[in-house]
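First comes the structure, then the notes that go with it.
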Amino acid sequence: MKRPKSIDTLMAHHGENRASLEGAVVPPVFQNSLFTFKDWDDIDAAFTDRTQRPIYTRQINPTARIAEQKIAALATESRTDIDAKLTASGMAAISAALFHVLSPGDHVVAVKNVYGPTNNLLNRYLRQKMGINTTFVDGSQLSDFERTITDQTKLIMLESPSSAVFTLQDIREVTTLARSKGITTIIDNTWATPVFQKPMDMGVDLEVHSVTKYIGGHSDVLAGVIIGAKDRIQKIAVDEGELLGGTIAPWNAWLITRSLRTLTMRLERHQKNANAVASFLEQHPKVKQVRYPGLKSHPQHQLANKQMSGFTGLLGFELNTQDLDAIKRFFNGIFLFQIGVSWGGHESLIYAPAISYLKELPPERFKDLGISLGDIRISIGLEDANDLIDDLSKAFERM
Ligand SMILES: *Cc1c(COP(=O)(O)O)cnc(C)c1O
């Protein structure tokens, strides 16, 4: 099929060869572990062409290929050499990408606010088991990277915006620096989604996502994806994909294709709702600050506008108190927002980072890490924005 320009049209039809599937408007699930062959020559040819022809689902599954082709098309406006590989979870994508790039003795520069398990994988697992050392930097200035790179630096790991504190890195500047030194770059693009930010068009080598969040969007599937140049993705599929085995299940891949059809529409609503809620919070007297790259008051709003075409619905704010009882009264006074981790689904969620930090640190130490007892994180869902604002207003009154 010739590629149309609009991503909505691509999400509706791209990657689907309906004529070969009885014309099924929704593709069937290839819920099978293996594929069978006519004779010796047929299976022999499949092995010769094993990066293209399905033999075993840990290697290739046609249901996953449909979603992978849609995601690859979504990830770039200008390149024709991009492919995508779905994985069982976002962490399966991140670990496969890291294992693909790194060898013992390599040095990594990572932004300090990367997703917690990514931080643990680099800082604990890869350091202790493989002698791979990571230096964490703030990442808001190019000089953070320039002065940390050594001759051993193999990888720069980005997450922009970060899903913890919503800070950005200038993606073009960092990839230009990395390329001049032969350093590979990986970005976790989960917050922005491939709809609002296209790192493949900004010189990034590998893009990873937790598909569990906006791309899945319905809080009913765990999945991840690695996006990059076709030859690199094929190498990852054969090595880390097949050898580490973090393969997506066919049924989960089918759910991702279902989700991709409505991704841009859902994001429009998440954006509109988040903008309304963030603006409401920003002028509320019980709120000290709001962390949302879509707000003019965000310190990197200009950079955000330069490298993103929109903003999603996960944001943070700080209550104007350090009194844990008042903070709990606010938290427990919320009804429409469900209490829970994760984000990017149809439902609005609330979480307080202090709940996990308090297990390891006394509140006096919070300041050193740039966090506050009164930090609240909300994921804005697809409900009516006025209902969400009303729910928050009432919770503020209960403080
Ligand atoms: C959730 C998340 C991940 C991990 O994804 P899973 O699908 O839970 O494995 C990675 N990065 C970010 C930014 C996330 O929010």
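The values are calculated or read from the model by the stated rules, or taken from the named source; none is laboratory data. Please read all numbers here as calculations on a predicted model, not as lab measurements. Neighbour counts are summed over all protein chains in view; Cβ atoms, including those assigned to glycine, are modelled from backbone coordinates with ideal geometry. Quick note on the areas: whole protein, heavy atoms, side chains included, nothing else; ligands and nucleic acids left out. Shrake-Rupley method; radii C 1.70, N 1.55, O 1.52, S 1.80 Å.
Tell me, what ³J(HN,Hα) does each residue in the stretch 256-264 have, in order and in whole Hz, if you take phi through Karplus 6.51 cos²θ - 1.76 cosθ + 1.60 with θ = phi - 60° and put x for Gly and Pro?
Residue by residue, the stretch 256-264 yields 5, 4, 3, 5, 4, 4, 10, 4, 5 Hz.
Residues with amide H under 5 Å of VAL287's amide H, sequence separation 5 or more or different chain, H placed in the peptide plane at 1.01 Å from N; which?
Long-range HN contacts for VAL287: ASN320.
If you take the charge dipole of the stretch 213-356 about its Cα centre, with +1 on Lys and Arg Cβ and -1 on Asp and Glu Cβ, which of PRO293, ALA229, PRO250 is farthest toward its positive end?
The residue sitting most towards the positive pole is PRO293.
In whole Å, what is the distance between the alpha-carbon centres of the stretch 330-399 and the stretch 1-54?
Here the two parts' Cα centres lie 43 Å apart.
Is the shape of the stretch 1-101 best called rounded, prolate or oblate, per the rule: a/c under 1.5 gives rounded, else a/b larger than b/c gives prolate, else oblate, with a ≥ b ≥ c the square roots of the Cα gyration tensor eigenvalues? Spell out each step's value before the answer.
Values: a/c = 1.78, a/b = 1.16, b/c = 1.53.
Oblate is the answer for the stretch 1-101, as a/c is 1.5 or above yet b/c matches or exceeds a/b.
Need one number: convex hull volume per residue for the stretch 279-399, Cα atoms only, in Å³. Intermediate values should be presented prior to the final figure.
Values: hull volume 14.0 nm³, N = 121.
That works out to 116 Å³ per residue.
Run the dipole for the stretch 306-397 about the Cα centre, Lys and Arg Cβ at +1, Asp and Glu Cβ at -1, nothing else charged, and hand back the magnitude in debye, nearest 20.
Details: 8 positive and 14 negative charges, 69 e Å.
Computed charge dipole of the stretch 306-397: roughly 340 debye.
Using the Karplus curve 6.51 cos²θ - 1.76 cosθ + 1.60 with θ = phi - 60°, what ³J(HN,Hα) values do you get for each residue of the stretch 164-179, in whole Hz, with x for Gly and Pro?
9, 10, 6, 9, 10, 10, 6, 5, 4, 4, 5, 5, 4, 4, 4, 4
List the residues, sorted by chain then number, that are 5 or more residues from VAL137 or on another chain and whose placed amide H is less than 5 Å from its amide H.
The answer is ALA110, VAL111, LYS112.
What figure, in Å² to the nearest 10, do you get for the accessible area of PHE396 with a 1.4 Å probe and non-protein molecules left out?
Counting only protein heavy atoms, the figure is 0 Å².
Could you pull the accessible area for ARG269 with a 1.4 Å probe, rounded to 10 Å²?
Roll a 1.4 Å probe over it and ARG269 shows about 100 Å².
Output the antiparallel fraction of DSSP beta bridges having both residues in the chain, as a percent to the nearest 5.
Details: 25 of 44 bridges.
If I count the DSSP bridges inside the chain, around 55 percent turn out antiparallel.
Highest first, please rank the peptides 9-18, 78-87, 355-364 by the mean number of other Cβ atoms sitting within 10 Å of their residues. Let's see the in-between values first.
Values: 9-18: 15.6, 78-87: 19.8, 355-364: 11.3.
Ranked from most to least packed, the peptides come out as 78-87, 9-18, 355-364.
Can you find, among GLY345, THR321, ALA304, the residue farthest towards the positive end of the dipole of the stretch 264-397? Put +1 on the C-beta of Lys and Arg, -1 on that of Asp and Glu.
Of the options given, the answer is ALA304.
Given the options ALA46, ALA67, TRP191, identify the residue whose Cα lies farthest towards the positive end of the charge dipole of the chain (+1 on Cβ of Lys, Arg; -1 on Cβ of Asp, Glu).
Working it through, the farthest residue towards the positive pole turns out to be TRP191.
Once fully extended, how much extra length lies between LEU361 and ILE339, figured as 0.36 nm per residue of separation less the alpha-carbon to alpha-carbon distance? Walk me through the numbers on the way to the answer.
Numbers: separation 22, 0.36 × 22 = 7.92 nm, distance 2.21 nm.
The LEU361-ILE339 span can extend by a further 5.7 nm.
With each pseudo-label sitting 7 Å past Cα toward Cβ, what's the GLN283-GLU22 distance in nm, one decimal?
5.8 nm
Which percent of the accessible heavy-atom area of the stretch 264-397 goes to carbon and sulfur, probe 1.4 angstrom?
Details: 3350 of 6550 Å².
Looking at the stretch 264-397 in its full context, I get 51 percent from C and S.
Whenever you get a sec, line up PHE99, PHE47 from highest to lowest accessible area (probe 1.4 Å, protein heavy atoms). Present the calculation step by step, with values, prior to reporting the outcome.
Numbers: PHE99 65, PHE47 110 Å².
Of PHE99, PHE47, the descending order of accessible area is PHE47, PHE99.
What would the Debye formula give as log10 I(q)/I(0) at q = 0.07, 0.08, 0.13, 0.14 Å⁻¹ for the alpha-carbon point model of the chain, no solvent?
The computed values of log10 I(q)/I(0) come out as -0.34, -0.44, -1.12, -1.27.
In whole Hz, what ³J(HN,Hα) sequence does the stretch 239-253 give by Karplus (6.51, -1.76, 1.60; θ = phi - 60°), x for Gly and Pro?
8, 5, x, 6, 7, 8, x, x, 6, 6, 6, x, 5, 5, 5
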